[in-house]
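J.: I am attaching a structure below and will ask some questions about it afterwards.
The values are calculated or read from the model by the stated rules, or taken from the named source; none is laboratory data. Only a predicted model underlies this, so the values are computations on that prediction, with no experimental measurement involved. Please note: Cβ atoms are built from the backbone with ideal geometry, for glycine as well, and neighbour counts cover all protein chains shown.
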Amino acid sequence: MLSPELNRLLLYLGIGLISFSALISVFARKIRNSFKPFSKKAIWYLLISVAVFALTGLFIAAGFFASYNRYFIFFQVLFLLYGSLHVYMMERKMPWGKDKQSFLPDFIFTIVILLAGSICYMLTYRWQNREGLEIPMMFSALFFIIPLFVWHTFLTALAIPPKVFNQWYYPVHEPMEDPEESKLKNMLLISFEFQKNGNDSFFTNFRAKAPVDMELGELFYYFINDYNERHPQGQIMFSNGTGKPHGWMFYKKPKWYTILTTYMDADKTIYLNRIRENDVIVCSRIVEN
């Protein structure tokens, strides 16, 4: 016999599933032509998924754990794995899955599976265990939808266009004036690392003082001039044989644990580029053919 609380919950879930299915039939035509949640393929996918949910409820009879808390975590992990497999299969088997911007169809279809599957999961759990914990255990199924959000968050992040930084060019025909005194305060000690010549097979590390209020491109300009004046026999090459200046890109030298490369904007100050004491700035020469 089912308890009154369980009967009431099943009634609510059933009404919710039927109502949600009715709404799907209305919205399906408006979302995308390829979104057909009641197609033969989608129904078979739904039935198989619901069957997996139902079979999961039988694990309570296996006696894997003595504690219900551990069982709850076990079911959470299972549904997380189911959700990951579901996202993988849905993106490949469902007609709308090939569209990388198909969040709404994916979300609706996943909710239908979650609602229908939770009902079957709860019933099979109740069939094997009569201690009244089927309702709390049912909430472990919510982990099924997490991979969907993670996947679409990842796709959204990939769709963000990368920030484009303009290359910095040495002003061959427009020499800069001496820096203002106000910019020569609050010095940091940093390093520039680059090839002195475009044909060099190695990088050279140079120590430099960096005023925090000076633009990075301006600082690099003064550094090149100062170095070339003091080392006329081993100057830094900033142009090709015809006098055309090379382009330069600047980024922080990655640490061993760094995942993303942090590029610098030559038109921003040392402070705004978030350059800190002892940072190593790699200066990449762009040689155009």
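J.: In the list Tyr170, Tyr227, which residue meets the criterion of being surrounded by 17 or more Cβ atoms within 10 Å (Cβ to Cβ) and of a type in the set (Ser, Thr, Tyr)?
T.: After applying the criteria, what remains is Tyr170.
J.: Sticking with this one: Counting only residues that are under 25 Å from the mean Cα position of the chain (by Cα) and not in a loop (DSSP other than H, G, I, E, B), which one in segment 154-178 is farthest from Leu78 (Cα to Cα)?
T.: The selected residue is Ala159.
J.: Something else about it: Tell me yes or no: at least one residue of segment 132-139 is within 17 Å of Met90 (Cα to Cα), free of Cβ contacts under 8 Å to residues at least 40 places away in the same chain and assigned to a helix (DSSP H, G or I).
T.: No, because not a single residue in segment 132-139 is within 17 Å of Met90 (Cα to Cα), free of Cβ contacts under 8 Å to residues at least 40 places away in the same chain and assigned to a helix (DSSP H, G or I).
J.: Is it the case that some residue within segment 121-132 is in the same structural domain as Leu81 (by TED's automatic domain parsing), closer than 17 Å to Val87 by Cα and modelled with pLDDT of 80 or more?
T.: There is no residue in segment 121-132 that is in the same structural domain as Leu81 (by TED's automatic domain parsing), closer than 17 Å to Val87 by Cα and modelled with pLDDT of 80 or more.
J.: Within segment 101-113, does at least one residue satisfy the condition of being among the polar types (S, T, N, Q) and at pLDDT 85 or above?
T.: Yes, that holds for at least one residue.
J.: Between a first residue in segment 171-186 that is within 18 Å of Ala266 (Cα to Cα) and at pLDDT 85 or above and a second residue that is in a loop (DSSP other than H, G, I, E, B) and aromatic (Phe, Trp, Tyr), which pairs have beta carbons less than 6 Å apart while being 6 or more apart in sequence or on different chains?
T.: As it stands, the answer is none, since no pair meets every condition given.
J.: Got at least one residue in segment 207-228 being in contact with a His (Cβ under 8 Å, 6 or more places away or on another chain) and under 21 Å from Asn166 (Cβ atoms)?
T.: Looking through segment 207-228, none of the residues is in contact with a His (Cβ under 8 Å, 6 or more places away or on another chain) and under 21 Å from Asn166 (Cβ atoms).
J.: For segment 145-153, indicate whether the set of residues that are modelled with pLDDT of 90 or more, assigned by TED's automatic domain parsing to the domain that holds Phe72, of a type in the set (Phe, Trp, Tyr) and in a helix (DSSP H, G or I) is non-empty.
T.: Checking segment 145-153: at least one residue is modelled with pLDDT of 90 or more, assigned by TED's automatic domain parsing to the domain that holds Phe72, of a type in the set (Phe, Trp, Tyr) and in a helix (DSSP H, G or I).
J.: Could you please let me know if Asn278 is more than 23 Å from Glu177 (Cα to Cα) and modelled with pLDDT under 90?
T.: no
J.: Residues that are touching a helix residue (DSSP H, G or I) at 6+ places or on another chain (Cβ under 6 Å), at least 2 per element: which strands (runs of 3 or more DSSP E) completely within segment 179-253 meet that?
T.: Result: 204-211.
J.: Among residues belonging to segment 238-253 that are aromatic (Phe, Trp, Tyr) and out of contact with any Gly (no Cβ under 9 Å at 6 or more places or on another chain), point out the one that is surrounded by the most Cβ atoms within 10 Å (Cβ to Cβ).
T.: Residue satisfying both the conditions and the ranking: Phe238.
J.: Let me ask another. When only residues in segment 254-275 that are hydroxyl-bearing (Ser, Thr, Tyr) and part of a loop (DSSP other than H, G, I, E, B) count, which is surrounded by the fewest Cβ atoms within 10 Å (Cβ to Cβ)?
T.: Tyr257
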